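> What follows is a structure written as structure tokens; I'll ask about it next.
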């Protein structure tokens with residue numbers, strides 16, 4: 001059990017540098033610098049509040065895991081991003097944080113309040129929740145294995161909560177250390193006018209995160225619904241601007257409440273009339289065999305069980321890329337390691353069929369393929385995942401962290417067993 005807890009702590013630490021959490025690192029760094037002017041006790045209070053946020057969110061995930069396990073189902077890391085309402089809610093939240101950082105309105109969160117009554121410790125709690133939420137679409141070393149351990153029949157409920165709690169603590173640990181160890185915080189620059197510029201840069205990074213999340217939402221629902229959701233985000237922006245400029249602290253209490261009521265009513269009406277979660281119909285799969293590369297790009301066939309069977313009947317292996325629009329690690333790997341000359345040349349040489357398994361939306365068949373066949377007994381959970389599937393039914397599961405050279409090596413090994421000149425005719 002100590003080994004699992006160590007892995008959970010390491011996984012939480014590593015999540016701090018994963019692509020989905022990087023935009024939040026600016027928030028955390030800004031907060032640490034701002035807190036440099038506080039008394040040590042106040043800094044420690046913010047560190048503890050932030051830690052309480054990350055740990056409580058991970059404990060909530062543990063509750064979901066326990067609930068699903070009790071009814072015979074299981075949780076895959078990042079699975080909540082397969083549901084458009086969740087993606088829409090998180091997109092809206094990140095957009096609101098971006099507006100706040102860009103100065104459209106002000107929320108007195110911990111990173112922005114001053115010493116004294118405006119120094120809101122609860123803001124650090126919110127930042128902890130926010131960072132934990134943003135970490136969930138990323139898979140990191142040790143995370144998959146520890147989540148898989150919680151799904152075992154022998155893992156008790158208290159152990160599940162303990163494992164997720166430790167993982168949340170690992171996510172918070174760097175920030176907690178900065179607030180508790182003065183020598184570490186002294187390495188950071190002193191507060192000054194430059195912080196306003198950093199805050200604005202933060203806003204743009206959060207807008208970039210909003211665009212990424214919206215791309216996931218857009219891939220899950222009908223185009224008209226996606227367009228109307230943009231109108232809803234505009235309504236959100238107008239409502240916060242209205243409340244800040246015409247119902248702020250310098251106005252009378254009656255006016256503040258009236259303006260906030262108007263803004264809130266506008267948001268509610270906009271949500272009711274503009275937001276829809278009508279999903280895109282499943283795209284038809286032709287099954288036509290394309291070349292493995294074309295115009296300098298890999299030609300990924302969409303996952304099709306029939307096409308896999310047909311390819312295996314020809315003694316041709318299949319290279320599966322389990323990915324999703326919401327998986328930041330997947331997108332980084334695709335650009336940095338898969339869509340490279342090294343991998344393209346290997347695919348052209350081996351003629352192994354590249355096939356993309358899109359997990360953006362919920363799909364029981366694809367989830368079962370991943371969990372019940374490729375991950376079974378491997379201590380893995382969540383995506384990205386890369387598999388070379390052989391005609392005899394065996395497979396080669398690549399590690400969570402890949403390089404182009406690693407993928408090339410696995411493709412070459414597969415080609416030695418099933419050379420392209422031995423493929424059978426259609």
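> Taking only Cα atoms and a 10 Å spring cutoff, compute GNM fluctuations for the chain and point out the largest among 291, 302, 137.
Looking only at 291, 302, 137, the biggest GNM fluctuation is shown by 291.
> If you don't mind, there's one more thing I want to ask. Can you tell me how much longer the chain between residue 183 and residue 230 gets when fully stretched, taken as 0.36 nm per residue apart minus their C-alpha distance, in nm with one decimal?
Details: separation 47, 0.36 × 47 = 16.92 nm, distance 4.53 nm.
Here the segment from residue 183 to residue 230 would lengthen by 12.4 nm.
> Could I ask something else about it? May I ask you to sort 306, 216, 150 by Cβ crowding, counting other Cβ atoms within 10 Å and putting the fewest first? Don't skip to the answer; put the middle values down first.
Values: 306 9, 216 22, 150 25.
In order of increasing Cβ crowding within 10 Å: 306, 216, 150.
> Between residue 190 and residue 264, what length in nm is gained on full extension when 0.36 nm per residue of separation is reduced by their alpha carbon distance? Please list the in-between numbers first.
Numbers: separation 74, 0.36 × 74 = 26.64 nm, distance 3.86 nm.
Difference between extended and current length: 22.8 nm.
> Quick check on the exposure proxy: order 124, 276, 70 from fewest to most C-beta atoms within 10 angstrom.
Details: 124 26, 276 16, 70 9.
So the ranking, lowest neighbour count to highest, is 70, 276, 124.
> Another one. Among the DSSP beta bridges whose two residues both lie in segment 293-422, what percent are antiparallel, rounded to the nearest 5?
Working: 10 of 18 bridges.
That works out to approximately 55 percent antiparallel.
> If you don't mind, there's one more thing I want to ask. Given R₀ = 30 Å, FRET efficiency for residue 425-residue 279 by Cβ-Cβ distance, to 0.05? List each step's numbers first, then the result.
Details: r = 39 Å, r/R0 = 1.31.
E(calc), rounded to 0.05, equals 0.15.
> Also: For a protection proxy built on the mean count of beta-carbon atoms within 10 angstrom, sort 40-47, 398-405, 158-165 highest first, please.
Numbers: 40-47: 17.4, 398-405: 15.9, 158-165: 19.4.
Going by the mean number of other Cβ atoms within 10 Å, highest first, we get 158-165, 40-47, 398-405.
> Is the C-alpha gyration tensor of segment 300-426 telling us rounded, prolate or oblate? Criteria: a/c under 1.5 is rounded; beyond that, a/b larger than b/c is prolate, otherwise oblate.
On the way: a/c = 1.64, a/b = 1.22, b/c = 1.34.
Verdict is oblate for segment 300-426.
> At residue 256 and residue 299, where each label point lies 7 Å from the Cα along Cα→Cβ, what is the point-to-point distance in nanometres?
6.4
> With the contact rule set at Cα under 8 Å and sequence spacing of 6 or more, what percent relative contact order holds for the chain?
Averaging sequence separation for qualifying contacts and normalising by length gives 21 percent for the chain.
> Right, here's the next one. Which angle from 0 to 90°, rounded to the nearest 10, does the C-alpha axis of helix 194-220 make with the longest principal axis of the chain?
Once rounded, the angle reads 40 degrees.
> Only one of the listed values, [x] 4, 19, 26, 25, 16, 7, 2, 0, 0; [y] 4, 18, 23, 20, 15, 11, 6, 2, 0; [z] 5, 21, 29, 26, 15, 4, 0, was derived from the coordinates as P(r) over Cα pairs in 10 Å bins from 0, in percent; which label is it?
[x]
> Roughly how far apart, in whole Å, are the Cα centres of segment 234-264 and segment 379-426?
Going from one Cα centre to the other spans 57 Å.
> Right, here's the next one. Highest GNM mean-square fluctuation, the chain, Cα pairs closer than 10 Å: which of 207, 397, 353?
397
> Ranked by Cβ crowding within 10 angstrom, fewest neighbours first, how are 152, 48 ordered?
Numbers: 152 11, 48 18.
So the residues, fewest neighbours to most, are 152, 48.
> Then there is this: With axes computed from alpha carbons, what is the tilt in degrees of helix 22-34 against the longest principal axis of the chain, rounded to the nearest 10 within 0 to 90?
30
> While we're here: To the nearest 0.05, what FRET efficiency results for residue 392 and residue 204 with a Förster distance of 51 Å applied to their C-beta separation?
Working: r = 51 Å, r/R0 = 1.00.
Plugging the Cβ-Cβ distance into 1/(1 + (r/R0)^6) gives 0.50.
> Moving on to the next point. Quote to one decimal, in nm, the extra length available between residue 332 and residue 73 on full extension: 0.36 nm per residue of separation minus the C-alpha distance between them. Mind showing how you got there, number by number?
Working: separation 259, 0.36 × 259 = 93.24 nm, distance 2.98 nm.
That works out to 90.3 nm of additional length.
> For labels at residue 417 and residue 121 in the simple 7 Å Cα→Cβ model, what's the distance in nm?
Label-label distance for residue 417 and residue 121, simple model: 5.8 nm.
> Which percent, nearest 5, of DSSP beta bridges in the chain are antiparallel? Intermediate values should be presented prior to the final figure.
On the way: 11 of 19 bridges.
Percent antiparallel among DSSP bridges in the chain is about 60.
> Using Cα springs under 10 Å in a Gaussian network model of the chain, which residue among 212, 77, 257 shows the largest mean-square fluctuation?
Checking each option, the largest mean-square fluctuation is seen for 257.
> Applying 1/(1 + (r/R0)^6) with R0 = 35 Å to the Cβ-Cβ distance of residue 249 and residue 64, what FRET efficiency is obtained, to the nearest 0.05?
On the way: r = 39 Å, r/R0 = 1.11.
The pair residue 249/residue 64 has a calculated efficiency of 0.35.
> Just want to confirm a number: the relative contact order over segment 288-426, from Cα pairs under 8 angstrom separated by 6+ residues, in percent. Mind dumping the intermediate values first?
Details: 202 pairs, mean separation 47.3, N = 139.
Reported as a whole number, the value is 34 percent.
> Does anyone have the angle between helix 40-70 and the longest principal axis of the chain? Alpha-carbon axes, 0 to 90°, nearest 10?
The angle comes out near 40 degrees.
A short reminder: the numbers here are calculations on the coordinates, not readings from a lab. All values derive from a computational prediction rather than experimental measurement. In this analysis, Cβ positions are derived from the backbone assuming ideal geometry, glycine residues included, and neighbour counts consider all displayed protein chains.
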